[in-house]
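The values are calculated or read from the model by the stated rules, or taken from the named source; none is laboratory data. Computed from a predicted structure; not experimentally measured. Here Cβ is always computed from backbone atoms with ideal geometry, including for glycine, and neighbour counts include all displayed protein chains.
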Amino acid sequence: MATRKPKILITGATGQVGREVLKRLTDDKALDVAASSRAPAKAADLSVPVVLLDYDRRETIAPALEGVDRLFILTAYTVDMLRQSKALVDQARKSGVKHIVHLGACGANDTDVAHYGWHQFVERYIAGSGIEFTHLRPEIFMQNLFGYGGVRVVENGVIRHYVGHARLSWIDAEDVAKVAAAVLRDPGTHKGQTSPRL
């Protein structure tokens, strides 16, 4: 009798990180990989099964998590992420999800940056859920070097960036995805860990 493959669900699968995580997992024959989208028709090119999951429609969460063992959580940087993540984690616990990989944001635990703090509230909630977890806290993505949030950073050959004189480490979204994929393949090795900075 064949053993069931661990089922992994990737949220944010059409974005720059989620898509890269999928690329690193889809050829792994030992895994059953799926993606979620609030508009599954727009995710038809992902080459894995796509399920409907809209953070703002709670009725879509339980069906999306059916049979899922490992969950990659990625949310937008708005205060709504607190409500959305709570609903997702609550259902993940009820659905028997065994490990959550949460893509958060950089920042020390005493950060005063709002959306870093929101991610840390989500981290604490996941940790308190009883589900095994790994938290990733990447710094600023290389993909955002020339623009962020629709705002161009380069004018007349000069790069102006919103970080001012802050000292930051830039990371490529592909490298973040490599780490996330490694954790999703072997969650036991990474359980309970929070990357202080990728």
Handout entry: Residue list for region 71-82, filter: of a type outside the set (A, V, I, L, M) and under 19 Å from Leu52 (Cβ atoms)
Key = Phe72, Thr75, Asp80
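Table: residues versus (1) under 22 Å from Leu71 (Cβ atoms); (2) at pLDDT 90 or above.
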| position | (1), (2) |
| --- | --- |
| Ile100 | yes, yes |
| Ala108 | no, no |
| Glu132 | yes, yes |
| Ile140 | no, no |
| Asn156 | no, no |
| Ala173 | yes, no |
| Ala182 | yes, yes |
| Arg185 | yes, yes |
Handout entry: Subset of region 168-194 that is touching a strand residue (DSSP E or B) at 6+ places or on another chain (Cβ under 6 Å) and not in a helix (DSSP H, G or I) - its residue that is nearest to Leu31 (Cα to Cα)
Key = Lys191
Practice task
Out of the residues in region 65-76 that are closer than 19 Å to Gln120 by Cα and of a type in the set (Val, Ile, Thr), state the one that is surrounded by the fewest Cβ atoms within 10 Å (Cβ to Cβ).
Solution key: Thr75
Handout entry: Unmet requirement for Gln16, which otherwise passes all of (1) under 22 Å from Pro187 (Cβ atoms); (2) in contact (Cβ under 8 Å) with a residue 60 or more places away in the chain; (3) surrounded by 15 or more Cβ atoms within 10 Å (Cβ to Cβ)
Key = (1)
Practice task
Could you check, for region 115-131, whether at least one of its residues is of a type in the set (Ser, Thr, Tyr) and buried (at least 22 other Cβ atoms within 10 Å of the Cβ)?
Solution key: no
Practice task
Can you tell me which residue among Val68, Val51 is in contact (Cβ under 8 Å) with a residue 40 or more places away in the chain, farther than 18 Å from Leu103 by Cβ and hydrophobic (A, V, I, L, M, F, W, C)?
Solution key: Val51
Exercise for the section: Considering every residue within region 77-90, establish whether at least one is among the β-branched types (Val, Ile, Thr), within 19 Å of Gly15 (Cα to Cα), modelled with pLDDT under 95 and surrounded by fewer than 20 Cβ atoms within 10 Å (Cβ to Cβ). Expected result: yes
Fill in the blank from the handout: Result of the Cβ filter at 6 Å on region 105-117, keeping first residues that are touching a residue at least 24 places away in the same chain (Cβ under 8 Å) and partners that are among the hydroxyl-bearing types (Ser, Thr, Tyr), at least 6 apart or interchain, is Ala105/Tyr116; Gly107/Tyr116; His115/Tyr77
Completion exercise
Among strands (runs of 3 or more DSSP E) entirely within region 1-75, at least 1 residues that are of a type outside the set (Phe, Trp, Tyr) and over 21 Å from Asp90 (Cα atoms) occur in 32-37, 50-52
